Structures are given as C-alpha cells and as structure tokens.
Amino acid sequence: MKRVGLIRTLSTDARRLLQIHGQILQSAFPFAVVSRAVPFQPEAVHDAESCVRAAPKVVALARELAPEVDGIIISCAADPGLAEARLAVDVPVVGAGAAGAAAAMALGARIGVLGITLEAPEAVASVLGSRLIAVESPQSVNFSTELLTPTGVFESLDAGRRLADAGADVILLACTGFTSMGIGKELNRRLGLPVVDCVLAAGAALAAADSGRAMPPASVGAAA
C-alpha cells in the first residue's frame, strides 16, 4: 500500500483541516495520503439526511481517486456510500465507522460510543451489536466543526467520563471530528481505558489488508 485516497465528508477550503486526517495517518503508517473533500457539506455528516446526501458524492470521489491510489478510506464514522463505492472501484475501500467498531471489539467486550448524536451511527451499531453498551455525546455539539472549540473539548471529555461510569471497557470515537481534535490520548490518560480512533482503525485495516494479515488490535493503539 503506497498511496491511499482519503475522502472527507466535511466540505472545507481550510487546508489544515482538510489535510489533518491524512497527516495523522502518514505519521502512523507507511503510505502517502491524498485527501479530497465532498462538495456542499460544510456541516459534514451529522444525521440520516446529511449521510444520504453525502453518499453519491463519496462514490464520485472514489471513482476519481481510484486510478491514482492503492486503497481508499472514507473518513466518516457513518460510512456514507461505502457499499456503493466498493462496487464502483477496483481498489479496497474502508469505512472509518465499521473499521473502528471492529477494532473496538478486538480490545474489549463493553463498547462505549462517543459521537455527536445520541445514537451510534448505523455503520457502527450494526457491527457492535449487543456489545454496544452506551452512547454519549458532548451536550451542546450538533456538528463536527463545533468540536473544535473549548466547549467542545470540555464536553467531549465529560461525555467520555460518562461512558466509563456506564461500564465501558473500550471507548470508540464515532465521529472523525474527534480525530481532528486529537482527544483520544487525553481520554486514555484520564480514564485508563483503550480509546479507538476510527480514522487510525481504517488505516490499520488497509495496511493489514495490503500485507495479507488480520488487523491486530495494537495497530490501533490504546489511544488515538
């Protein structure tokens, strides 16, 4: 795996925000990342309707990227357009949500999901099944961009504590906005629990597929 295409479902002209997930992946795995953002979604994916709108845009970007890359990551925990993109291109396509859920299940039996809604994304919940024990979100955050504020940080840390209090033995960050925040290490430090970053989990899944091995839990790490 030499070159990976990364599809962001947050429409942004801010170069640092667009590139940050790719930079994090490049620091963890031996591949280069080409990042692209879907158009006309400045509030990213935050509910069922925005997920439906994003899906065909993700597929279009996957088709555009496929000739240039060895694999594709959909950097959204809702995995919009994942099944359709896999049918549309001839390179592996990994959804951050499903990859993160699989990694969390390899690390524990009681998964607490930290997202931006009161329900886990379907792409996550369908993988976790009965091992999903609680879902929490920062109380005043409606969109992933609102995580990047002092209030978003404080409320996210508090939501993580509530998951620990509910009995979670692993916390899954089920919004890629948490990757942009870089909050996983702090949650791990405060709570003493494994914290799975779904973007890193997707990178681990692609790297493992390229080597022909199953994804090891440690490749995601105890903290994002």
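In table form, for the structure just shown:
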quantity	calculated
Residue of ALA168, ALA28, ALA99 that the Gaussian network model of the chain assigns the largest fluctuation, springs spanning Cα pairs under 10 Å	ALA28
1.4 Å probe accessible area per residue over segment 74-192, in Å²	41 Å²
Helix-only mean residue ellipticity at 222 nm for the chain, each DSSP H run of n ≥ 4 adding -39500 (n - 2.57), per residue, nearest 500	-13500 deg cm²/dmol
Contour minus Cα-Cα distance for PHE40 and LEU118 (0.36 nm per residue)	25.6 nm
Simple spin-label estimate for ARG53 and ARG110 in nanometres, 7 Å along Cα-Cβ	3.9 nm
Largest-first ordering by accessible area, 1.4 Å probe, given options GLU43, GLU122	GLU122, GLU43
LEU87/SER126 FRET efficiency (R0 25 Å; Cβ-Cβ; nearest 0.05)	0.85
Contour excess over end-to-end distance, with Cα ends at ARG15 and ARG189 and 0.36 nm allotted per residue	59.7 nm
For segment 27-126: rounded, prolate or oblate by the Cα gyration tensor [a/c cutoff 1.5]	oblate
Identified option (computed volume of the Cα convex hull per residue in Å³; candidates (1) 149; (2) 123; (3) 104)	(3)
Unit charges on C-beta of K, R, D, E only; dipole of segment 126-186, Debye	140 debye
Gaussian network model of the chain, Cα within-10 Å springs - most flexible of ALA166, ALA66, ALA77	ALA166
Nearest-20 debye value, segment 37-121 charge dipole, Cβ charges on Lys, Arg, Asp, Glu	160 debye
Distance between modelled label sites at LEU157 and SER211, nm, 7 Å Cα→Cβ extension	3.4 nm
Selection from ILE133, SER156, ALA205 lying farthest towards where the dipole of the chain points positive, charges on Cβ	ALA205
Dipole in debye (nearest 20) - the chain, about Cα centre, beta carbon charges: Lys, Arg +1; Asp, Glu -1	520 debye
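The values are calculated or read from the model by the stated rules, or taken from the named source; none is laboratory data. Remember, predicted model here, so these are calculated numbers, not experimental data. Positions of Cβ are generated from backbone atoms using ideal geometry, with glycine treated the same way; all protein chains shown enter the neighbour counts. SASA here: full protein model, heavy atoms, side chains in, ligands and nucleic acids out. Shrake-Rupley method; radii C 1.70, N 1.55, O 1.52, S 1.80 Å.
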